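Below: the structure, in structure tokens.
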Amino acid sequence: MKNFDKWNDVKKRINGKIKTPQIRQREIYWANIGENIEFEQNGKGEDFMRPLLIFKKFSNTMFFGIPLSTQQKEGDWFFEFSFLEDKSSTALIVQGRLFDAKRLDRKIGKMSIEDFESLKMSFKELFNV
């Protein structure tokens, strides 16, 4: 069962943050992505967290992010890579959206330049851009 009331409490706390990290494309953070509707990707745990890749930075406080999963997935809308030793991650391209940097908790890694370039190609092919 969805716990939107708890997520609203967490969201209020996040909105009150004053400091946000200096973000850069390719960085990966634990982020509060929330309790979302139906097939939208949810965060997990008490703070509704999930690893999130900064795909495109628009400003110091706004970016297009792509949620990550440790579960292998197949299809054009997924991109498998590794940023932690001996651990595979999947970028859920189709779940990407605009985020505020206040949602970011802590940096946990960075995607390699080679993987990032391949991900950009996959993104362009998926969305025909």
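The values are calculated or read from the model by the stated rules, or taken from the named source; none is laboratory data. Quick caveat, the model's predicted, so the values are computed rather than measured. Neighbour counts run over all protein chains shown; Cβ positions are idealised from the backbone, glycine included.
Conditions (1) farther than 22 Å from N128 by Cα; (2) of a type in the set (S, T, Y); (3) in contact with a Cys (Cβ under 7 Å, 6 or more places away or on another chain), marked per residue:
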position	(1), (2), (3)
A31	yes, no, no
G43	yes, no, no
S59	yes, yes, no
P67	no, no, no
T70	yes, yes, no
S89	yes, yes, no
R97	no, no, no
K102	yes, no, no
Checklist (1) assigned to a strand (DSSP E or B); (2) of a type outside the set (D, E, K, R); (3) within 10 Å of the chain's Cα centre (by Cα) applied to T90, failing item: (3)
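One line per residue, one yes/no per condition, for (1) part of a strand (DSSP E or B); (2) closer than 19 Å to Q41 by Cβ; (3) touching a helix residue (DSSP H, G or I) at 6+ places or on another chain (Cβ under 6 Å):
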{"residue": "K73", "(1), (2), (3)": "no, yes, no"}
{"residue": "D76", "(1), (2), (3)": "no, yes, yes"}
{"residue": "F79", "(1), (2), (3)": "yes, yes, yes"}
{"residue": "G109", "(1), (2), (3)": "yes, yes, no"}
{"residue": "E114", "(1), (2), (3)": "no, no, no"}
{"residue": "K124", "(1), (2), (3)": "no, no, no"}
Odd one out for K102 among (1) among the basic types (K, R); (2) in contact with a helix residue (DSSP H, G or I) (Cβ under 6 Å, 6 or more places away or on another chain); (3) surrounded by fewer than 11 Cβ atoms within 10 Å (Cβ to Cβ): (3)
Some residue of region 65-82 being β-branched (V, I, T) and more than 16 Å from E27 (Cα to Cα): yes
Residue within region 2-17 that is in contact with a Lys or Arg (Cβ under 8 Å, 6 or more places away or on another chain) and of a type in the set (D, E, K, R) present: yes
Test: residue in region 77-88 that is surrounded by 17 or more Cβ atoms within 10 Å (Cβ to Cβ) and touching a residue at least 60 places away in the same chain (Cβ under 8 Å): no
Among (1) charged (D, E, K, R); (2) modelled with pLDDT of 95 or more; (3) over 15 Å from D115 (Cα atoms) - the single one E40 does not satisfy: (2)
Selected residue (criterion: nearest to I113 (Cα to Cα)) from residues of region 48-59 that are at pLDDT 95 or above and in a loop (DSSP other than H, G, I, E, B): F58
Options I33, I18; residue that is under 28 Å from E125 (Cα atoms) and of a type in the set (V, I, T): I33
Criterion violated by T20 - all others in (1) in a strand (DSSP E or B); (2) in contact with a helix residue (DSSP H, G or I) (Cβ under 9 Å, 6 or more places away or on another chain); (3) not small (G, A, S) satisfied: (1)
Selection count where residues are within 14 Å of D100 (Cα to Cα), buried (at least 17 other Cβ atoms within 10 Å of the Cβ) and of a type in the set (G, A, S), scope region 13-71: 3
